[in-house]
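Reviewing the structure listed below.
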Amino acid sequence: MKIIYILIFILFTNSLFAEEKDIIILTHEFPNQTVPVNENMIRGLAGEILTQALKKSNITYKIIFLPWKRAQIDAVVNNNKKTFILPLTRNEEREKNYLWVSKLYDLNTLFLTNKNQDPINSINEAKNKKIGVLLGTSFEDTLNDPKYSLNKDDIELSYNHESIIKKLIGGRLDGWYDVKIDIISELKNENQNLSDFHFGKKILIEENYIATSKSISKELYLKVKNAFESFKKTPDYDKILKKYLEDIN
């Protein structure tokens with residue numbers, strides 16, 4: 001019996017070590033950016049950059065999908081001192097909370113409206129209109145910026161893109177503010193005809209990063225930073241950008 005207990009202990013201990021990873025990656029399912037395939041496998045623009053950059057540098061990782069606001073909170077707290085988050089837009093509101101490890105790519109934001117409505121080509125044109133945005137995103141930060149003087153009651157927050165599309169099609173929203181890559185991908189996922197909508201003019205260019213908290217060790221920060229910076233110098237990085245952004249931005 002004692003031998004059985006010892007064997008069980010050894011197996012349990014080995015399983016713990018087998019699951020130990022160098023870093024933890026927190027993210028949210030963003031269409032065509034971070035799309036889960038199966039356990040610890042991810043595709044999309046950020047997903048492919050992440051996978052290839054860490055693989056080439058022999059950094060092991062575990063991916064955890066969370067509601068986006070929760071992911072940001074957990075990344076800042078960083079209890080295990082090895083948690084990173086992506087793709088996180090760098091802006092003034094977030095600057096003090098994060099170390100910005102490596103820039104992944106730029107994305108353009110715009111307003112989407114139904115074809116039977118006028119396009120929204122600026123934030124000023126969004127005044128007095130009901131606009132849908134994803135909760136906890138940089139898009140929410142932008143529309144809530146006092147310099148634009150939008151009514152906060154007109155900003156409709158949602159936990160997912162599907163609900164925004166349904167409200168827009170159903171006439172409960174006048175527009176949707178997001179990055180173009182997410183909008184197009186989600187419309188296709190919902191079998192919507194792109195010609196049924198107005199894509200407004202580019203509003204902002206957002207810089208998307210992999211980031212972490214300021215409590216992380218300098219050694220681990222530099223290890224991950226170097227992995228991404230090295231990968232960005234390769235032809236494979238350019239191929240990923242072309243694959244996802246050539247017809248978007």
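The values are calculated or read from the model by the stated rules, or taken from the named source; none is laboratory data. The structure presented is a predicted model; accordingly, all values stated were derived computationally and were not measured. Glycine gets a Cβ as well: all are built from the backbone with ideal geometry, and neighbour counts include every protein chain shown.
Regarding TYR61, is this residue touching a residue at least 12 places away in the same chain (Cβ under 8 Å), in contact with a Leu (Cβ under 6 Å, 6 or more places away or on another chain) and among the aromatic types (Phe, Trp, Tyr)?
It is true that TYR61 is touching a residue at least 12 places away in the same chain (Cβ under 8 Å), in contact with a Leu (Cβ under 6 Å, 6 or more places away or on another chain) and among the aromatic types (Phe, Trp, Tyr).
Which one of the conditions (1) assigned by TED's automatic domain parsing to the domain that holds ASP174; (2) at pLDDT 95 or above; (3) not in a helix (DSSP H, G or I) does PHE139 fail to meet, given that it meets all the rest?
(3)
Hey, among the residues in the range 51-63 that are buried (at least 16 other Cβ atoms within 10 Å of the Cβ) and in contact with a Ser or Thr (Cβ under 8 Å, 6 or more places away or on another chain), which one's nearest to ASP106 (Cα to Cα)?
So the residue we want is ALA53.
Regarding PHE199, is this residue surrounded by 12 or more Cβ atoms within 10 Å (Cβ to Cβ), more than 23 Å from LEU86 (Cβ to Cβ), among the aromatic types (Phe, Trp, Tyr) and not assigned by TED's automatic domain parsing to the domain that holds LYS96?
yes
In the range 102-123, what residues are of a type in the set (A, V, I, L, M, F, W, C), farther than 26 Å from GLU219 by Cα and surrounded by 21 or more Cβ atoms within 10 Å (Cβ to Cβ)?
LEU107, LEU110, PHE111, LEU112, ILE120
Just checking: which of the helices (runs of 4 or more DSSP H) contained wholly in the range 166-249 hold 1 or more residues that are over 22 Å from the mean Cα position of the chain (by Cα), more than 15 Å from ALA46 (Cβ to Cβ) and without any contact (Cβ under 8 Å) to a residue 60 or more places away in the chain?
Qualifying helices (runs of 4 or more DSSP H): 218-231, 235-245.
With the checklist (1) at pLDDT 90 or above; (2) surrounded by 19 or more Cβ atoms within 10 Å (Cβ to Cβ); (3) closer than 28 Å to LEU187 by Cβ in hand, flag the one item PRO36 doesn't pass.
The one condition PRO36 does not meet is (2).
Just checking, which of LEU26, LEU99, LEU66 is hydrophobic (A, V, I, L, M, F, W, C), crowded, with 19+ Cβ neighbours inside 10 Å and either farther than 29 Å from LYS214 by Cβ or in contact (Cβ under 8 Å) with a residue 24 or more places away in the chain (or both)?
After applying the criteria, what remains is LEU26.
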